[in-house]
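Report on the following structure.
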Amino acid sequence: MLLKNRLQSKLPNVGTTIFTKMSALAEEHKALNLAQGFPEFDCSPELQRLVDKHVRSGKNQYAPMPGALPLREAISKQTFEASGSEYHPVTDITVTSGATEALFVAISTAVHPGDEVIVFEPAYDSYVPAIELSGGIPVFVTLDPQYDSIDWGAVKACITKKTRAIIINTPHNPTGKVWTASDLQTLAALAEAHDLIVISDEVYEYIVFDGRAHISVASIPSLAERSFVCGSFGKTFHTTGWKLGYCLAPAHFTAEFRKIHQFLVFSVVTPFQFAVAEYLSEPEHYLSLSAFYERKRDLFNDAIKDIGFIQKPSEGSFFQNVSYANLSDENDLALAERLTREIGVASIPVSAFYGRETDFKTLRFCFAKHDETLLKAAGLLNTARW
């Protein structure tokens, strides 16, 4: 009993994530899993061959703590081509165990006890626990899950003398919103005026639709000098199970970032780093991604258009939000669970992305699936009881 009382949770309000819960429910009921955000299809055979090549060539021991230099050099080149920003591969780039580790370490580096951190919600669920583990205080700017614009007046109203950092995500999970040049310029002005650190989650950077362009904080010098930019090869190359990501930051930020990174994972799986470094040499491997996913978005949206959802086509990422507010008053978690059990299609209730689990009567579907899966899921949704 004494030992039990001595162990106090550092995250008393955190349980099993909604992604784990819905995926488990989907498995239990043999449902189509359009809930958890991972591709149904495999990565490129060429990329698989490169992994095999580097495994067989002996790249199977620890990589350097900051990451294999060829990969950091490839990331530096890729970033310069995409944004015109120069990040030195030795001092400014760290390879991480997925973007989630990059985000956790960036938050841990920037946030100290009592610091306030602005979070736009709906928000990816790793941000707030990381803030709280560092003794920080999340301050929420609440947006509708199908928002058209950011209320920058509300953002300004949240800034106090305790505000240390602001976390952004574009393209955004779960809403699919892509931030505009105006948004980034406004952010830059606020960050400079209040000396804020920016932590930018850009894992869907190569998945943008309808002629839009992803604008990285790295492309704006006044933002780049105060930002941690987090990316993911898992999302870009359909390899979420590899947990391979990276963080870009100025050298003095990176030095502090690596102090934590080295004691969290030290280094990341070696042969995969060398494989991705080679694979990045052909830009078409990632520049073709937007067209690939835009077609899947349109296929899915067209197949569910007669249900009566209120839906704004996703601007980026591989998620589509739909509002059922005109069809039902049912709680979104209850509805997501019922649809999984009754018709065999799993989704994510968007309330899970809010600090107070605000119910906007909205579900999130992942369309990173085979066409036949999307059409089958849409057919089942068309038979649902609302």
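Temperature 20 °C, viscosity 1.002 mPa s: under these conditions the Stokes-Einstein estimate for the stretch 46-282, based on its Kirkwood radius over C-alpha pairs, is 119 µm² per second. Per-residue ellipticity at 222 nm for the chain, helices alone: DSSP H runs ≥ 4 residues times -39500 (n - 2.57), over residue total, nearest 500 deg cm²/dmol? My calculation for the chain gives -12000 deg cm²/dmol from helical runs alone.
Looking only at the stretch 194-230, which residues have a backbone nitrogen under 15 Å from a spot 7 Å from the Cα of Glu256 in the C-beta direction? Counting backbone N atoms under 15 Å from the label point, the list is 195-200, 225-229. For Glu73 and Leu264, the FRET efficiency from 1/(1 + (r/R0)^6), where r spans their Cβ atoms and R0 equals 25 Å, is about 0.60.
What the phi angles of the stretch 140-154 give under the Karplus curve with 6.51, -1.76 and 1.60, with θ = phi - 60°, is a coupling list of 9, 9, 8, 10, 5, x, 10, 5, 9, 8, 8, 7, 5, x, 5 Hz, glycine and proline written as x. For the stretch 114-131, the residues whose amide N sits under 14 Å from a probe point set 7 Å from the Cα of Tyr147 along the beta carbon direction are 118-124.
Taking amide H atoms as placed 1.01 Å from N in the peptide plane, the amide H of Val268 lies under 5 Å from those of Ala63, each 5 or more residues away in sequence or on another chain.
Under the rule a/c < 1.5 gives rounded, and otherwise a/b versus b/c splits prolate from oblate, where does the stretch 121-164 land using the Cα gyration tensor? Walk me through the numbers on the way to the answer.
Details: a/c = 4.13, a/b = 1.29, b/c = 3.20.
Since a/c reaches 1.5 but b/c is at least a/b, the shape of the stretch 121-164 is classed as oblate.
Relative contact order for the stretch 241-386: 22 percent, from Cα pairs under 8 Å spaced at least 6 residues apart, divided by residue count. Loop-located trypsin sites (Lys or Arg not before Pro) in the stretch 325-386 (DSSP state other than H, G, I, E, B) with a sparse environment of at most 16 neighbouring Cβ atoms within 10 Å: Arg356, Arg385.
Could I get the Rg over Rh figure for the stretch 271-386? Both from C-alpha atoms, Rh via Kirkwood, rounded to two places.
Numbers: Rg = 16.7 Å, Rh = 15.7 Å.
Reported Rg/Rh, Kirkwood definition of Rh: 1.07.
At a threshold of 8 angstrom on Cα-Cα distance, excluding pairs fewer than six apart, so keeping six or more, what relative contact order does the chain reach in percent?
Numbers: 753 pairs, mean separation 96.0, N = 386.
Value for the chain: 25 percent.
Derived scalar couplings between HN and Hα for the stretch 265-270 equal 10, 6, 9, 10, 3, 5 Hz in order, rounded to whole Hz, by the Karplus curve 6.51 cos²θ - 1.76 cosθ + 1.60 (θ = phi - 60°), x for Gly and Pro.
FYI, it's all coordinate maths here, none of it is from the lab. Keep in mind that this is a model prediction, so the values were computed, not measured. Cβ sites come from the backbone with ideal geometry, for glycine too, and all protein chains shown count toward neighbours.
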